[in-house]
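J.: Questions regarding the structure given below will be posed in turn.
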Amino acid sequence: MVVTKDQPTTNTYLLDWVEEMERLCKPDDVYWVDGSDDENKRLTEKSVSDGVLIPLNQTKRPNSFYSRSNPNDVARVEELTFICTPTKAEAGNTNNWMSPDEAYAKLREISSGAMKGRTMYVIPYIMGTADSPFAMIGVEITDSLYVVLNMRIMARIGKLALDRLGDSSSFNRGMHTVADCDPSRRYICQFPQDDMIWSVGSGYGGNALLGKKCLSLRIASYHGHKQGWLAEHMMLLEAVSPEGETHFIAGAFPSASGKTNLAMLVPPPEFAGWKIRTIGDDIAWMRVGDDGRLYAVNPEAGFFGVAPGTNQHTNPVAMKMLERDCIFTNVALTPDMDVWWEGMDGPTTDLIDWRGKPWKRGSKEPAAHPNSRFTAPMDNNPALSRYAKEPRGVPISAILWGGRRSTTVPLVLEAFNWTHGVYLGATAGAETTAAITGAVGRIRRDPMAMLAFIGYDAGAYFAHWLSMFGRMTHPPKMFLVNWFRKGDDGRYLWPGYGQNMRVLKWIIDRSVGRAGAEETPLGYVPGVADLDLRGIDTSPDAIEGALRIDRAEWEKELEAHGDWFDRLGGTVPDALRLQRRLLLASLKAVS
Ligand code: GTP
Ligand code: SPV
Ligand code: MN
């Protein structure tokens, strides 16, 4: 047993905690990740010899690797995710709660001796750029080399984080062990008051890459509430018009509902001269700037995106980005060691599926897991915005709330004002996807796409959103959007993807007071003449069906919002409850 203890820091808060975890987990050795290229090469080689990563065809996909997770560990597990605050009320009605004492006891018990025979990796990291005043520092301890290599793509890791931390005690402690990957001993716990995350029993995605959902959303939203800013599950894009006018748009869509695709949109030919560039695809931290506008940064350094459905037509930018330097998890393999997934272009032959079994075309089971993912460095994105690393972020013109809704929700609906906009976000519903374990396709309320990520009480979160209005002189406009409405034949009414540019243009024009709209009792909608539909290959009936507001459907929807507020309890702000009654009364008055 070789014990490597060349500690690269003198920070006693950090050293003490690492030592405590080492005593608890009993690894064979401890390795401090420095983030260098040299180290990456060594750790990648080790991961290949350990069988953690499989090299892909290096001619077709240089420096790219493949990984299969345990089949019982393929998505975030919301039922096993806990907010551990002294009182249950602090966690609110949308979170699972455990008392810190109980949680720490359970986690210690599961972690005890869990790293015997393994290496304990210590990953210092920064969420945000190293020069950003808003950056947050975390340290993740993990026994997973897969986590180290993914964190390297998703965050800024190693020496630069320790340099920025210095001797400060102010960093997030993230303890992670895959342990025996047993679903009955799997817990993802956040301790906001202790700035602590402890995750056991899973090696996948948001359960294990602790800088992502655990720190940058659950813990960060708790800090944001205390400090007057917002941590949101949002993509961020830059839109430049042919005239050179630039707008930044933020969009909250639930998991696997279109953020990555929207952030990488390629406009249709009729929109020649328009450029959409990516700032972020999953997380936005938003603060009011000195000029009274809302500024957003993307704290991540890479994209952990859904693979299925990605192809040259839907997302050519991602296809280019995935040509090298990526890790693919739970996709399928071709005979020449390239990757494949459902919805990818090109012929499928005999594949090896995500479980490692032979797969033939026509098989009932998908070859790639529906939540299979790529991990890609941000700098590989050919459409990366030059503002993606702006330390103070970019000023937002519009906020979109989206989600998968087969019925009811029109293609786009503009809020009358801030309160109404917050209402539309707070009541947004969505059909569930494979990004979380459990039934797929069920409607659930997913406020601001943050249901699983609000680190405190949801009613207090809504009140916080309402209060942000008072801090701004130029608040962004808010819009509800839905690319997923279906016709009676079960097919999507709106073509989506690049065609969403038509909706974005209307949104941009509305945000500067240029485009026309029709007022309805529920908000402003574009008339068919207000949308730029030149050259669209979709029938007028389908477009009309996508835009339509059905009074009967909306009466039911608003009733469901009432049930939702009742479920959340007494902390839901009055302004939102009254907004609901006003919308319902207005709707009934004109029926
Ligand atoms: P997370 O990474 O889980 O947070 O997901 P995301 O919100 O970034 O979703 P993503 O863009 O990866 O899209 C998820 C799935 O929705 C993919 O299979 C896409 O092909 C599909 N999708 C994205 N945009 C559209 C659209 O405009 N229309 C339709 N019909 N499908 C879409
Ligand atoms: C999501 O589920 O919203 C994701 C993937 O972005 S994960 O990192 O697993 O949270
Ligand atoms: Mn996400």
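J.: May I ask you to verify whether GLY224 is on the phi > 0 side of the Ramachandran plot and surrounded by fewer than 24 Cβ atoms within 10 Å (Cβ to Cβ)? First the steps, then the outcome.
T.: On the way: on the phi > 0 side of the Ramachandran plot: no; surrounded by fewer than 24 Cβ atoms within 10 Å (Cβ to Cβ): yes.
In short, no.
J.: Determine, yes or no, whether GLY203 is within 13 Å of ligand 2 (Cβ to nearest atom) and open to solvent by 10 Å² or more (accessible area, probe 1.4 Å).
T.: Numbers: within 13 Å of ligand 2 (Cβ to nearest atom): yes; open to solvent by 10 Å² or more (accessible area, probe 1.4 Å): yes.
Taking the combined requirement at face value, the residue satisfies it.
J.: Report yes if LEU262 is in a strand (DSSP E or B), buried (at least 24 other Cβ atoms within 10 Å of the Cβ) and not basic (Lys, Arg), otherwise no.
T.: On the way: in a strand (DSSP E or B): no; buried (at least 24 other Cβ atoms within 10 Å of the Cβ): yes; not basic (Lys, Arg): yes.
The answer is no for LEU262.
J.: So which residues in segment 149-194 are open to solvent by 20 Å² or more (accessible area, probe 1.4 Å), outside any strand (DSSP E or B) and closer than 13 Å to GLY211 by Cβ, if there are any at all?
T.: ARG152, ILE153
Each row is one residue, and each column tells you yes or no for (1) under 30 Å from ARG548 (Cβ atoms); (2) surrounded by 24 or more Cβ atoms within 10 Å (Cβ to Cβ); (3) away from ligand 3 (no atom under 16 Å from the Cβ); (4) not aliphatic (A, V, I, L, M).
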position: ALA368; (1), (2), (3), (4): no, yes, yes, no
position: SER372; (1), (2), (3), (4): no, yes, no, yes
position: ALA376; (1), (2), (3), (4): no, yes, no, no
position: VAL394; (1), (2), (3), (4): no, yes, yes, no
position: ARG405; (1), (2), (3), (4): yes, no, yes, yes
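Residues checked against (1) touching a Lys or Arg at 6+ places or on another chain (Cβ under 7 Å); (2) closer than 21 Å to THR375 by Cβ; (3) touching a residue at least 12 places away in the same chain (Cβ under 8 Å):
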| site | (1), (2), (3) |
| --- | --- |
| ILE126 | yes, yes, yes |
| SER144 | no, yes, yes |
| MET154 | yes, yes, yes |
| LYS159 | no, no, yes |
| GLY174 | no, yes, yes |
| PRO192 | no, no, yes |
| VAL200 | yes, no, yes |
| GLY211 | no, yes, yes |
| SER216 | no, yes, yes |
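J.: Looking for whichever is closer than 27 Å to ASN72 by Cα and surrounded by fewer than 19 Cβ atoms within 10 Å (Cβ to Cβ) here; the options are ARG324, ARG361. Which one fits? Walk me through how you get there before you give the answer.
T.: Values: ARG324 fails: closer than 27 Å to ASN72 by Cα.
Only one candidate qualifies: ARG361.
J.: Restricting to segment 216-236, name every residue that is within 12 Å of ligand 2 (Cβ to nearest atom) and in a helix (DSSP H, G or I).
T.: SER216, LEU217, ARG218
J.: Let me ask something else about it. Suppose the filter is assigned by TED's automatic domain parsing to the domain that holds LEU531, surrounded by 24 or more Cβ atoms within 10 Å (Cβ to Cβ), closer than 30 Å to TRP359 by Cα and within 16 Å of ligand 1 (Cβ to nearest atom); does ASN330 pass it? Can you show your working first?
T.: Working: assigned by TED's automatic domain parsing to the domain that holds LEU531: no; surrounded by 24 or more Cβ atoms within 10 Å (Cβ to Cβ): yes; closer than 30 Å to TRP359 by Cα: yes; within 16 Å of ligand 1 (Cβ to nearest atom): yes.
No.
J.: Only one of GLY309, GLY292, GLY244 is modelled with pLDDT of 95 or more, more than 27 Å from PRO62 (Cα to Cα) and open to solvent by 20 Å² or more (accessible area, probe 1.4 Å). Can you tell me which?
T.: GLY244
J.: Now a separate question. Among what's in segment 280-305 and is in contact with a helix residue (DSSP H, G or I) (Cβ under 7 Å, 6 or more places away or on another chain) and among the β-branched types (Val, Ile, Thr), pick the residue that is farthest from ligand 3 (Cβ to nearest atom).
T.: Selected residue: VAL288.
J.: Right, next: Right, GLY117: farther than 28 Å from GLY305 by Cα and either open to solvent by less than 30 Å² (accessible area, probe 1.4 Å) or small (Gly, Ala, Ser) (or both) or not? Spell out the reasoning first.
T.: Details: farther than 28 Å from GLY305 by Cα: yes; either open to solvent by less than 30 Å² (accessible area, probe 1.4 Å) or small (Gly, Ala, Ser) (or both): yes.
Against the criterion (farther than 28 Å from GLY305 by Cα and either open to solvent by less than 30 Å² (accessible area, probe 1.4 Å) or small (Gly, Ala, Ser) (or both)), GLY117 qualifies.
J.: Specify the residue that is surrounded by the most Cβ atoms within 10 Å (Cβ to Cβ); the eligible residues are those in segment 427-443 that are more than 15 Å from ligand 1 (Cβ to nearest atom) and part of a strand (DSSP E or B).
T.: Here is the first cut: in segment 427-443, the residues more than 15 Å from ligand 1 (Cβ to nearest atom) are 427, 429, 439, 442-443.
Now narrow it down to the ones that are part of a strand (DSSP E or B): 429, 443.
Values: GLY429: 19, ILE443: 16.
Among them, the one singled out is GLY429.
J.: While we're looking at this one, here's another question. Restricting to segment 264-278, count the residues that are more than 20 Å from MET321 (Cβ to Cβ) and touching a Gly at 6+ places or on another chain (Cβ under 9 Å).
T.: Residues flagged as more than 20 Å from MET321 (Cβ to Cβ) and touching a Gly at 6+ places or on another chain (Cβ under 9 Å) within segment 264-278 amount to 4.
J.: Quick check on segment 12-20. Is at least one of its residues closer than 18 Å to CYS326 by Cα and crowded, with 19+ Cβ neighbours inside 10 Å? Steps first, please.
T.: Taking segment 12-20 first, the residues closer than 18 Å to CYS326 by Cα are none.
No, segment 12-20 contains no residue that is closer than 18 Å to CYS326 by Cα and crowded, with 19+ Cβ neighbours inside 10 Å.
J.: Would you point out the residue of segment 195-215, among those that are part of a strand (DSSP E or B) and of a type outside the set (Phe, Trp, Tyr), that is farthest from ligand 1 (Cβ to nearest atom)? If you could, list the steps in order and put the result at the bottom.
T.: Filtering segment 195-215 down to residues part of a strand (DSSP E or B) leaves 196-200.
Subset that is of a type outside the set (Phe, Trp, Tyr): 196-197, 199-200.
Numbers: MET196: 24, ILE197: 19, SER199: 18, VAL200: 23 Å.
In this case the residue turns out to be MET196.
J.: Name every residue in segment 512-521 that is touching a residue at least 24 places away in the same chain (Cβ under 8 Å) and out of contact with any Asp or Glu (no Cβ under 9 Å at 6 or more places or on another chain), in order of residue number.
T.: Narrowing segment 512-521 to residues touching a residue at least 24 places away in the same chain (Cβ under 8 Å): 512, 517, 520-521.
Passing the criteria: THR520, PRO521.
J.: Here's something else I'd like to know. For ALA256, indicate whether it is modelled with pLDDT under 95, within 12 Å of ligand 1 (Cβ to nearest atom) and among the aliphatic types (A, V, I, L, M).
T.: Working: modelled with pLDDT under 95: yes; within 12 Å of ligand 1 (Cβ to nearest atom): yes; among the aliphatic types (A, V, I, L, M): yes.
Yes, satisfied.
J.: Now a separate question. Among what's in segment 238-257 and is part of a strand (DSSP E or B) and within 15 Å of ligand 3 (Cβ to nearest atom), pick the residue that is farthest from LEU504 (Cα to Cα). Show your work before the answer.
T.: Residues of segment 238-257 part of a strand (DSSP E or B): 238-240, 246-252.
Next, only the ones that are within 15 Å of ligand 3 (Cβ to nearest atom) stay: 250-252.
Working: ALA250: 11, GLY251: 11, ALA252: 14 Å.
Within segment 238-257, the match that is farthest from LEU504 (Cα to Cα) is ALA252.
J.: Of all residues in segment 348-377, how many are away from ligand 1 (no atom under 16 Å from the Cβ) and of a type in the set (Gly, Ala, Ser)?
T.: Within segment 348-377, residues that are away from ligand 1 (no atom under 16 Å from the Cβ) and of a type in the set (Gly, Ala, Ser) number 3.
J.: Further, regarding this structure: Out of TYR456, TYR423, I need the residue that is touching a residue at least 12 places away in the same chain (Cβ under 8 Å), open to solvent by less than 50 Å² (accessible area, probe 1.4 Å) and assigned to a helix (DSSP H, G or I). Which one? Give the derivation first.
T.: Working: TYR456 fails: assigned to a helix (DSSP H, G or I).
When all the criteria are applied, what remains is TYR423.
J.: I'd like the full set of residues that are buried (at least 18 other Cβ atoms within 10 Å of the Cβ) and in a helix (DSSP H, G or I), limited to segment 25-37.
T.: CYS25, the sole residue that qualifies.
The values are calculated or read from the model by the stated rules, or taken from the named source; none is laboratory data. This one's a predicted model, so the numbers in the text were calculated from it and none came from an experiment. A quick note on method: Cβ atoms are made from the backbone with ideal geometry, for glycine too, and the neighbour counts reach across all protein chains shown. Just the protein is used for accessible areas: all its heavy atoms, side chains included, with ligands, DNA and RNA removed. Shrake-Rupley method; radii C 1.70, N 1.55, O 1.52, S 1.80 Å.
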